[in-house]
Amino acid sequence: MVRFSYELIGWGYWDWSVPNVRTEKQRKALSAILANVREYKRQPISLSLRNQRNRPSRYNYFRIGQKPLVAVLRRLESDKLLKITKGTPRFSRGPDGEFLPANLSSFTASQELLDKAYDWVSDEEVIRLDPLYVELRSNDKEEYLIQFEWDAYTEHVQKQMSEYCDYMNEQWIEIEGRPLGELKLVRHFKDWAGDGSFLFGGRAWHPFMSLSKIQRRRFRINGSRVACLDYPASVPNLLYRMMTGKRLAEDPYSIDGLDRFVGKQVMKFLMNTKGFQGAEQALKNWLNDAGSCPKETMMIFRAIESLGSERKLLELVVARNQPIKSCLMLGAAMGQHFQWLEANLVFHVAHQLSLRGVPAITVHDEFIVKEEDREVAEMLMYSEWPKDLPVLAEAPWNRCCETQSEGF
């Protein structure tokens, strides 16, 4: 599935005379829809249909309004010129309590609308801007897009992601026998500090990232079978390297007498909450969530029962990871900075692989590569680190005089 491109528009729309499309804003929205249909034909085109504020000009050069865009799409659907498919919000659960694959809403053009797109918008009238691969969103429930000015870091990310996506779109990638289509990964940053800094979040998302590990192993890259490689205990091991100069030789989630899942789940709370009280409350909330997997919650309940309390379980995981204790329980914002570190590493490695002619699909901390490329991919995964990253002064390794992050 492809994303609706706000970088596409059909010029000359202001002279159009279209029934039920009366205002210039609606004609502009129609021209953008037709330009996207020309570009993507009858593929499903995903976009948000929520009632939300307009995208700022950094993300919306042609200033296409959200309300006119949705209104024109609804009108075209009522005229049977396209079909709208409602999306599934992230973290939605099915009747069985399992998470559902997240998807944006989408529309699919009819053949009649495709023909109209070519009739109304000529080749010379299609305006196409370079895609944007960076976005900054507010740290609130609405998560609206924030206007920003380019700096050295965002320019680097834009160039890196453009080159990586351009290379990946030259490959033939299949998911269970179906072509992947256009790969456009936009890195999503969140303004946790409230100052417009790009120091938090930074992951990208695509619908295929919701697929299970078993399904991802069925990918094909240029007809070849794939290998799926990831960083064991990715974020904790990044913290070990930042604080000690090297990854932990053992598994940071492994604790004698406990299932590995227990250590992994508890570490999530320790890295994303404030203080023991916050971590303990987050753990209790998760245990009481009716949607949590019964098998997983039972493992945690048994661990708590054997140790005596939630607090003792948290303390045990902290004691197991004493070298990174100063990185834990610093709040959700710092947890998002840890994720930012991971995202910078992953996309740096993916870009470096593309420069060496090795296509790699990323899924958070995982690389999906051709089986014959496994060796070179693993080598780069553990030998590369992005240079000249901006600094968050409050990060533990920047406050600790004994840090050995130069070990990268």
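What follows is calculated from the coordinates using simple rules that are stated; it is not laboratory data. Keep in mind the model is a prediction, meaning the values are calculated, not measured. Reconstructed Cβ throughout: ideal geometry from the backbone, glycine too, with neighbour counts over all protein chains shown.
Could you work out the equivalent-ellipsoid semi-axes for the range 253-320, taking the square root of 5 times each eigenvalue of the Cα gyration tensor, largest first, in whole Å? Could the numbers behind the result be given before it?
Numbers: eigenvalues 49, 45, 23 Å².
Listed largest to smallest, the semi-axes of the range 253-320 are 16, 15, 11 Å.
For the chain, compute Rh as the Kirkwood radius over C-alpha pairs and then the Stokes-Einstein diffusion coefficient at 25 °C and 0.890 mPa s; write the answer in µm²/s, rounded to an integer.
Values: Rh = 23.6 Å.
Roughly 104 µm²/s, to the nearest whole number.
If I model a spin label at residue 274 and residue 260 as a point 7 Å from the Cα along the Cα→Cβ vector, what separation in nanometres do I get?
The modelled label-to-label distance comes out at 3.4 nm.
With the Cα gyration tensor of the range 190-298 giving a ≥ b ≥ c as the square roots of its eigenvalues, does the rule (a/c under 1.5 for rounded; else a/b larger than b/c for prolate; else oblate) give rounded, prolate or oblate? The partial results should precede the final answer.
Numbers: a/c = 1.40, a/b = 1.23, b/c = 1.13.
It is rounded, given that a/c, with a ≥ b ≥ c, falls under 1.5.
Calculate, in nm to one decimal, what residue 52 and residue 364 gain on full extension: separation in residues at 0.36 nm each, minus their alpha carbon distance.
109.6 nm
To the nearest 10 degrees, how steep is helix 24-40 against the longest Cα principal axis of the chain, on a 0 to 90 scale?
Approximately 70 degrees, to the nearest 10.
As I understand it, the value is the acute angle between the Cα axis of helix 111-120 and the longest principal axis of the Cα atoms of the chain; what does it come to in degrees, rounded to 10?
Helix 111-120 and the main axis of the chain meet at about 70 degrees.
Using only alpha carbon pairs under 8 Å that are at least six residues apart, calculate the relative contact order of the chain and give it in whole percent. Can you show the working numbers first?
Working: 639 pairs, mean separation 61.8, N = 408.
Across the chain, relative contact order equals 15 percent.
Can you tell me the 0 to 90 degree angle between the C-alpha axis of helix 152-168 and the longest principal axis of the chain, rounded to 10?
Between helix and principal axis, roughly 70 degrees.
If packing is taken as the average number of other Cβ atoms within 10 Å across a peptide's residues, how do 321-327, 251-257 rank, most packed first? Mind dumping the intermediate values first?
Numbers: 321-327: 17.0, 251-257: 15.1.
Ranking the peptides 321-327, 251-257 by packing returns 321-327, 251-257.
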